[in-house]
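Beneath this line is the structure, given in structure tokens, with notes to follow.
The values are calculated or read from the model by the stated rules, or taken from the named source; none is laboratory data. As the structure is a prediction and not an experimental result, all values here were calculated from the model. Every residue, glycine as well, gets a Cβ built from its backbone with ideal geometry; the counts of neighbours run over all protein chains shown.
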Amino acid sequence: MDVVIYHNPACGTSRNTLALIRAVGLEPHVIEYLKTPPSRAMVAQLAARSGQSLRALLREKGTPFADLGLENPALTDDQLLDAIEAHPVLLNRPIVVTPRGVGLCRPSEAVLDLLPEDGLTPFTKEDGEVVIDVTGRRVR
């Protein structure tokens with residue numbers, strides 16, 4: 001299965017998501033989106049394929065979101081794309097692409113909805129939260 005993750009290694013949620021993908025035996029194509037930002041067209045496509053609005057993929061915390069006035073609901077998608085293009089940190093993470101769909105994986109265990117259900121191995125997040133138990137079952 002081909003898997004792509006738009007990843008920020010400084011983000012715990014992103015690191016946990018990447019580790020979960022690897023825990024099911026897959027090695028994803030990792031795109032550190034702050035170093036190699038996706039194009040405007042790709043960002044728009046990721047939003048559309050995820051079934052979410054472009055606004056839903058914006059990150060507020062630790063970004064220039066407020067300084068840029070991005071809370072304004074009258075802003076168009078083109079204006080939001082302009083902001084993301086100028087400030088890739090505005091794109092929330094991690095975004096994962098698989099044949100099963102595209103999703104913003106917050107919390108990190110949301111990635112399991114995009115991965116094969118077989119072959120789950122025990123997994124505990126960095127903070128100690130168990131996501132997959134010793135029997136290979138997802139903990140909800």
Next on the checklist: Return the residues of segment 1-49 that are of a type in the set (Val, Ile, Thr) and surrounded by 15 or more Cβ atoms within 10 Å (Cβ to Cβ); say none if nothing qualifies.
Outcome noted: VAL3, VAL4, ILE5, THR13, THR17, ILE21, VAL24, VAL30, ILE31, VAL43
Item to check | Tally of residues being part of a loop (DSSP other than H, G, I, E, B) and buried (at least 20 other Cβ atoms within 10 Å of the Cβ) across segment 106-118 | outcome: 1
Next on the checklist: When you scan segment 128-138, do you find a residue that is at pLDDT below 95 and among the basic types (Lys, Arg), even just one?
Outcome noted: yes
Checklist entry - Scanning for something surrounded by fewer than 19 Cβ atoms within 10 Å (Cβ to Cβ), free of Cβ contacts under 8 Å to residues at least 40 places away in the same chain, under 24 Å from GLU129 (Cβ atoms) and of a type in the set (Gly, Ala, Ser), does segment 50-62 turn up at least one residue? => result yes
Item to check | Total residues in segment 78-105, condition more than 16 Å from PRO64 (Cβ to Cβ) and either assigned to a strand (DSSP E or B) or hydroxyl-bearing (Ser, Thr, Tyr) (or both) | outcome: 8
Item to check | Test: residue in segment 24-34 that is assigned to a helix (DSSP H, G or I) and not basic (Lys, Arg) | outcome: no
